[in-house]
1. Any chance you could count how many residues in the stretch 125-138 are part of a loop (DSSP other than H, G, I, E, B) and within 23 Å of the chain's Cα centre (by Cα)?
2. If you take just the strands (runs of 3 or more DSSP E) that sit entirely in the stretch 323-426, which of them hold at least 2 residues that are at pLDDT below 80?
3. Here are some conditions: (1) within 30 Å of residue 210 (Cα to Cα); (2) at pLDDT 95 or above. Residue 48 meets all but one. Which one does it not meet?
4. Need a quick list: helices (runs of 4 or more DSSP H) entirely within the stretch 190-277 having at least 1 residues that are surrounded by fewer than 16 Cβ atoms within 10 Å (Cβ to Cβ) and modelled with pLDDT of 65 or more.
5. Determine which member of the set 177, 162 is under 23 Å from the mean Cα position of the chain (by Cα) and either modelled with pLDDT under 85 or in the same structural domain as residue 105 (by TED's automatic domain parsing) (or both).
6. Quick one: residue 141 ticks every box in (1) modelled with pLDDT of 95 or more; (2) out of contact with any helix residue (DSSP H, G or I) (no Cβ under 6 Å at 6 or more places or on another chain); (3) crowded, with 17+ Cβ neighbours inside 10 Å; (4) assigned to a loop (DSSP other than H, G, I, E, B) bar one, so which box is it?
7. Tell me which residues, restricted to the stretch 90-104, are farther than 19 Å from residue 150 by Cα and in contact (Cβ under 8 Å) with a residue 40 or more places away in the chain.
8. How many residues does the stretch 278-291 hold that are surrounded by fewer than 17 Cβ atoms within 10 Å (Cβ to Cβ) and within 30 Å of the chain's Cα centre (by Cα)?
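The values are calculated or read from the model by the stated rules, or taken from the named source; none is laboratory data. From a predicted model like this one, the values you see are computed outputs, not experimental measurements. In this analysis, Cβ positions are derived from the backbone assuming ideal geometry, glycine residues included, and neighbour counts consider all displayed protein chains.
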């Protein structure tokens, strides 16, 4: 009841300022909400705008089968590899009756209010979730008969406000997943306006750009790994592949295993052999540019599986509740894919900072997406007619193969810093940073090619250089912490593939999930996450 009161309060605020100009309305709304300290929506200044849009959309969806078909059609395109429909990209599409979605919405929402929503929320998105027991999804949506309610995604609370076709409000508690048609109004994490700038990513790559829409707003993908405008509908882009469990040594890592053998009983750096062919019996080598560092795995950590989930989802003020129920060990079960139903995939940003003499700067940023069921094992504790009750059981290791950079010690410092965060409508600020970095000094030209001489830093002293470079700081994301990796750290801790799979009972028999992987260095972790890094050969 308290949460419903918050919604009623929000509506009263909206009514009390209805006679003002649009910008004044917005300022008064947010100011009054901020003064209501007990109101969780005070943390989300855009909530009232999203609620007004959701209320109008719910009515349009109930009235127009063609609009329902339009939302379904656009969601299935998965332009950012999720079932997201960006409102600005479809609002002007002509329907058979000659009207547009914007026109239909304006029949239930003041046109000036709608214009304000477009201005303040340019990436406003309608997301179509996949719900348990095949009850609803973009693919199964029967637009001729199924009229969805509209949920509102807000970072102010875990529980989910919804509006039905009659404009009535209610709340879905965070531990419940609906089993009836529903779509979600949210802001987009993978598509941003052109005012969002990265050190080089967006400005240097015109192919990341979405054409200007009729509102004159330029939208862009935060990174090409989320660009699916060509409708190559897959679970991952070409730059991110998933590791396949196998007891055989991967072909792209054979040299890494050889490096372990060569230095198994000798003090030295495994990466020296991978990148330079340097070993106890060979003290000279040229950089092998066909090798790169790769992010091989990612796992959430925390004081509990639920705390890890809460860290990268919506804020939670409640402790996890104890549940009883039978664990479901098979994480490929379709229902495992629906429990983070308001937002689809998580998006992660990995920043790599390294001292470098290269002119393109010392910061590299890579992105990857992950389905909730790829990061967490959940179980159902109750299933009713309209809802499924669920709990987070454990954190899972997510196998990846994300290329990073070739670690050339002549141009890169021997220590890199990695900062990981989960993307939540970020704001990015650039700054110029000056630092003094150390570089290996044991290089000399031979036949016009730089050769590394000797293991480690050889007999030569390390050289130092003062560098100036641009660095980005991202606000609004869930910061998961930073860690450091040294070129001289062991890559592998053994020379055989290991099985990290688990056993469980099913049908009265013991089953086993095989999960073969190289014995990576396991020391790269913060309070919130753990990663595994290794060089691999590029093919």
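1. Here the count works out to 5.
2. Fully inside the stretch 323-426 and qualifying: 346-356.
3. Residue 48 satisfies all of (1) within 30 Å of residue 210 (Cα to Cα); (2) at pLDDT 95 or above except (2).
4. So the answer is 254-262.
5. It is 177.
6. Against the list (1) modelled with pLDDT of 95 or more; (2) out of contact with any helix residue (DSSP H, G or I) (no Cβ under 6 Å at 6 or more places or on another chain); (3) crowded, with 17+ Cβ neighbours inside 10 Å; (4) assigned to a loop (DSSP other than H, G, I, E, B), residue 141 comes up short only on (2).
7. Answer for the stretch 90-104, where residues must be farther than 19 Å from residue 150 by Cα and in contact (Cβ under 8 Å) with a residue 40 or more places away in the chain: just 92.
8. Residues flagged as surrounded by fewer than 17 Cβ atoms within 10 Å (Cβ to Cβ) and within 30 Å of the chain's Cα centre (by Cα) within the stretch 278-291 amount to 2.
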